[in-house]
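For reference, the structure is listed below as structure tokens.
The values are calculated or read from the model by the stated rules, or taken from the named source; none is laboratory data. On a predicted model such as this, the values are computed, not experimentally measured, just so you know. So basically every Cβ, Gly included, is an ideal-geometry build from the backbone, and we count neighbours across all protein chains shown. Just so you know, the surface numbers come from the protein's heavy atoms only, side chains and all, with ligands and any DNA or RNA stripped out. Shrake-Rupley method; radii C 1.70, N 1.55, O 1.52, S 1.80 Å.
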Amino acid sequence: MPLKKKPVTGMKDIMPREMEIRNYVMQLIRDTYGMFGFSNIETPCVEHIENLSSKQGGENEKLIFKILKRGEKLKLDTAKEEMDLVDGGLRYDLTVPLSRYYSNNANELPSPFKALQMGNVWRADRPQRGRYRQFMQCDIDILGEPTYLAEIELILATSTLVGKLFEDFTIRINDRRILKAMAAYSGFEEKDFDEVFIVLDKMDKIGLDGVAEELRKAGYGESMVETYMGLYREVTSDLDGIRYLKDKLKDTLKDNTADDLMTIISSVEAAKMANFKLVFDPTLVRGMSYYTGPIFEISIDGFAGSVGGGGRYDEMIGRFTGQNTPACGFSVGFERIVMLLLERDYQVPTAKSKKAYLIEKGMSPEKLLEVFKEAEADRKDGSVVNVVMMKKNKKFQKDQLAKEGYTEIKEFFHN
């Protein structure tokens, strides 16, 4: 039986054109985030199954690629449940591994710690456009900073990065405490918040009336639903909207949540380096249940899905250490960004010229040596030089080289 040529479902081979863009974007990420003081770290791709199944990863915990115990530890005949067979799994995101990393190494790290992490993650998901079972993630996180300075820095750094690749994009921002306060004000019980937010998250697809209808079908009272929808009809997507909720929710909204959110927005607007829209979106939910404060999401004009998101998760590290640690992160959708750049025929900016040397077959060793010396001189001057044998169909060969970005093509003959 012949071996299979195609990759495993949900995985993909990466062609040179895409690899060129991927490498460029990865270097741009390192350079841009480095300007903001973030340090590169790396965590293992395999995590303890207990960490991955700790109810901090939301729906992703249903998509874990699990790893069987090995050797004597694998006892198939006596196993009574799955956990008797499994002790590890491929990471489904970078946040859980980062939290373990920090809890294990905090004494050797500065405080606050600004981390940059890039690496592949795996989810047993249903593949579709822009979604794979193995994909690159890129996260920046600030650990140990309890104030809104973390949110401001994360949004400024990420918007600066995205602004170097796209002209028109929007960052939406909300706060999980505002979401909870709006639900509590309307009469929903705390145990029902997650179900209510799942329905609310469909707002952009089914609208206010659709959300109201689904809440009624779920068994919630008309009074609660109408009060809840009334808040969303009145609130606006700017600072005035936050002020409206601050006044309306004064009995259920804790601390300085509204004031802090307004400070984040006004500070980013004053200091941003890229041209983008920053809007308050009271319907923004973000799926992860571990978020405890401000949350944000990026969308690019012309693409329906998000290309990045994040928020504050002050309680996750405490699951490892027993003591909560302030934490906030922002992840960019690396794969979706690369996909959009490919679709838009993005040309990687480079200062290096690309030259192709076409060598006629049958060239003497002496003549060949002259060609390689010339190539060496061009490479020392900073040019990319590709030395290849001349084909019969030179026109097709030259067209292919031109598509690969070779702007100068030189022919060498044996006489």
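Here are some notes:
- The stretch 104-162, residues that are at pLDDT below 95, of a type in the set (Lys, Arg) and within 17 Å of the chain's Cα centre (by Cα): Arg123, Arg129, Arg131, Arg133
- Pairs, first closer than 15 Å to Pro326 by Cα in the stretch 141-157, second open to solvent by 20 Å² or more (accessible area, probe 1.4 Å) and among the β-branched types (Val, Ile, Thr), C-beta under 7 Å, six or more apart: Leu143/Thr325; Gly144/Thr325; Tyr148/Thr263
- Residue pairs whose Cβ atoms lie under 7 Å apart, separated by 6 or more positions or on different chains, with the first residue in the stretch 178-194 and within 23 Å of Ser237 (Cα to Cα) and the second in a loop (DSSP other than H, G, I, E, B) and β-branched (Val, Ile, Thr), are Leu179/Val285; Ala181/Thr252; Ala184/Thr252; Tyr185/Thr252.
- Filter result for Lys55 (at pLDDT below 85, more than 26 Å from Asp345 (Cβ to Cβ), within 22 Å of the chain's Cα centre (by Cα) and surrounded by fewer than 17 Cβ atoms within 10 Å (Cβ to Cβ)): yes
- Filtered residues of the stretch 237-294 (kept if in contact (Cβ under 8 Å) with a residue 12 or more places away in the chain, basic (Lys, Arg) and open to solvent by 60 Å² or more (accessible area, probe 1.4 Å)): Arg243, Lys246, Lys248, Lys254, Lys277
- Residue within the stretch 129-147 that is surrounded by fewer than 17 Cβ atoms within 10 Å (Cβ to Cβ), closer than 24 Å to Lys272 by Cβ and not basic (Lys, Arg) present: yes
- Filtered residues of the stretch 322-341 (kept if open to solvent by 10 Å² or more (accessible area, probe 1.4 Å), part of a strand (DSSP E or B) and of a type in the set (Val, Ile, Thr)): none
- Test set (1) more than 14 Å from Val196 (Cβ to Cβ); (2) touching a residue at least 12 places away in the same chain (Cβ under 8 Å) - Gly230 fails condition number: (2)
- Some residue of the stretch 161-171 being of a type outside the set (A, V, I, L, M), in contact (Cβ under 8 Å) with a residue 40 or more places away in the chain and under 24 Å from Leu52 (Cβ atoms): no
- Residue among Asp255, Asp259 that alone is at pLDDT below 90 and over 19 Å from the mean Cα position of the chain (by Cα): Asp255
- Pairs, first open to solvent by 70 Å² or more (accessible area, probe 1.4 Å) in the stretch 392-415, second of a type in the set (Asp, Glu), C-beta under 8 Å, six or more apart: Phe413/Glu360; His414/Glu360
- Residue-level check: of (1) surrounded by 16 or more Cβ atoms within 10 Å (Cβ to Cβ); (2) over 25 Å from the mean Cα position of the chain (by Cα); (3) assigned to a helix (DSSP H, G or I), Lys373 misses just (1).
- The condition of being in contact with a helix residue (DSSP H, G or I) (Cβ under 9 Å, 6 or more places away or on another chain) and open to solvent by 10 Å² or more (accessible area, probe 1.4 Å) holds for only one of Ser103, Ser159, that being Ser103.
- Here the stretch 9-43 is the region considered, the condition is being in a loop (DSSP other than H, G, I, E, B) and touching a Lys or Arg at 6+ places or on another chain (Cβ under 8 Å), and the residue that is most open to solvent (accessible area, probe 1.4 Å) is Thr9.
- Unmet criterion (only one of (1) at pLDDT 95 or above; (2) closer than 18 Å to Gln137 by Cα) for Met288: (1)
- Condition met for Arg286 (out of contact with any Ser or Thr (no Cβ under 6 Å at 6 or more places or on another chain) and under 19 Å from Ile171 (Cα atoms)): yes
- The single condition among (1) acidic (Asp, Glu); (2) under 30 Å from the mean Cα position of the chain (by Cα); (3) within 28 Å of Glu315 (Cα to Cα) that Asp238 does not meet is (3).
- When restricted to residues that are more than 25 Å from the chain's Cα centre (by Cα) and open to solvent by 40 Å² or more (accessible area, probe 1.4 Å), the stretch 196-210 contains 3.
- Flag for Ile300 being at pLDDT 95 or above, within 19 Å of the chain's Cα centre (by Cα) and not basic (Lys, Arg): no
- Residue in the stretch 347-358 that is open to solvent by less than 20 Å² (accessible area, probe 1.4 Å), modelled with pLDDT of 90 or more and closer than 30 Å to Thr292 by Cβ present: no
- If the condition is being surrounded by fewer than 22 Cβ atoms within 10 Å (Cβ to Cβ) and either under 21 Å from Ala181 (Cβ atoms) or modelled with pLDDT of 95 or more (or both), then the stretch 303-321 contributes Asp314, Glu315.
- Candidates in the stretch 106-128 are the residues that are basic (Lys, Arg) and more than 24 Å from Arg172 (Cα to Cα); of these, the one that is least open to solvent (accessible area, probe 1.4 Å) is Arg123.
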